[in-house]
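Chemist: Supplied in structure tokens, the structure appears directly below.
The values are calculated or read from the model by the stated rules, or taken from the named source; none is laboratory data. Treat the numbers as computed from the prediction; the structure is a model and nothing was measured. Glycine gets a Cβ as well: all are built from the backbone with ideal geometry, and neighbour counts include every protein chain shown. Heavy atoms of the whole protein, side chains included, go into the accessibility calculation; ligands, DNA and RNA do not. Shrake-Rupley method; radii C 1.70, N 1.55, O 1.52, S 1.80 Å.
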Amino acid sequence: MSSSTVTVIIPAYNEAARISSVIRTITDMYDYEVLVIDDCSIDDTAAIAAEHGASVITNEQNYGYLETLQRGLRAADGDILVTMDADGEHRPVDIEPLVAPIASGQKDLMFGKREGYPRPSERLFSWLVRLRVDVTDSGSGFRALRQELAEQLTLPGECTCGTLVLEAHEAGARIGEVPTPAGDTDKPRRTGWWHWKHLPYVLKSLL
């Protein structure tokens, strides 16, 4: 591993019951900065994250995942930025396989490939993206990228599904993915109705 610095960015909303375990596991394994962007939670997410050693930025209102992620990407200091969920779905042990190809100069963006894509919209977006880029899970929220690449991304639309990888590809990024089995989480998965509002942005990015 090179001397590249790494910041792990964790967007979070009402994750007081889960976020301490996520942060502790990261800091026990790695000497990485952990940056939690709290999306104006109504529970103790921000306080618990700070107690466990994370740097915390709290949104002044609830902006949603996309704007919260963008704030994290803009605020992070690392040479390599890792994004992951606060609910334990992403395993910290899988951070290194994402970071290593970037730190060694082989890749600019790495995705953690899930075992399955539960939402029909995610399957559609991934199929569309494969028409252009050899990535099978373009909707994964577990990813690592160079800070220089993050600075170029505008991330249009309602979420990052499909559009992030297509925008990175257009910028000339070298992109890869590695399998990242899901961790244990009791958080129910919501129906992604906003994905259908995002579809025009994916189609526009393909044109």
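Chemist: Between rounded, prolate and oblate, where does segment 1-73 land on the alpha carbon gyration tensor, with a ≥ b ≥ c its root eigenvalues, rounded for a/c under 1.5, else prolate if a/b exceeds b/c?
Modeler: Values: a/c = 2.59, a/b = 1.41, b/c = 1.84.
Here segment 1-73 falls in the oblate category.
Chemist: Rounding to the nearest 20 debye, state how big the charge dipole of the chain is about its Cα centre with +1 on each Lys and Arg Cβ and -1 on each Asp and Glu Cβ. Don't jump to the answer; show the numbers that get you there.
Modeler: Working: 20 positive and 31 negative charges, 184 e Å.
The calculation lands at about 880 debye.
Chemist: Further question: So for each of 195-204, 141-150, 69-78 I average, over its residues, the number of other beta carbons within 10 Å; can you give me the resulting order with the highest mean first?
Modeler: Working: 195-204: 15.9, 141-150: 21.5, 69-78: 18.0.
Final packing ranking: 141-150, 69-78, 195-204.
Chemist: Where both partners of a DSSP beta bridge lie in the chain, what percent of those bridges are antiparallel, to the nearest 5? List each step's numbers first, then the result.
Modeler: Working: 7 of 26 bridges.
Roughly 25 percent of the beta bridges in the chain run antiparallel, per DSSP.
Chemist: If you don't mind, there's one more thing I want to ask. Rank Glu96, Glu158 by accessible area, highest first, at a 1.4 Å probe radius? Intermediate values should be presented prior to the final figure.
Modeler: Details: Glu96 95, Glu158 75 Å².
Ranking Glu96, Glu158 by accessible area, largest first, yields Glu96, Glu158.
Chemist: From the gyration tensor of the Cα coordinates in the chain, what semi-axes in whole Å does the equivalent ellipsoid have, largest first, with each one equal to sqrt(5λ)? Provide the component values of the computation, followed by the final result.
Modeler: Working: eigenvalues 120, 82, 50 Å².
With the √(5λ) rule applied to the chain, the semi-axes are 24, 20, 16 Å.
Chemist: On to the next question. Can you tell me the dipole magnitude for segment 93-140 around its Cα centre, using point charges on the Cβ only (Lys, Arg +1; Asp, Glu -1), in Debye to the nearest 20? All intermediate terms of the calculation are to be shown ahead of the outcome.
Modeler: Details: 7 positive and 7 negative charges, 50 e Å.
Here the size comes out at about 240 debye.
Chemist: So, one more: Helix by helix through the chain, keep the DSSP H runs that span 18 Å or more along the axis on Cα and average at least -0.5 on Kyte-Doolittle, and give those back in order. Don't skip to the answer; put the middle values down first.
Modeler: Values: long enough: 194-206 (19 Å, -0.32).
Both cut-offs are met by 194-206.
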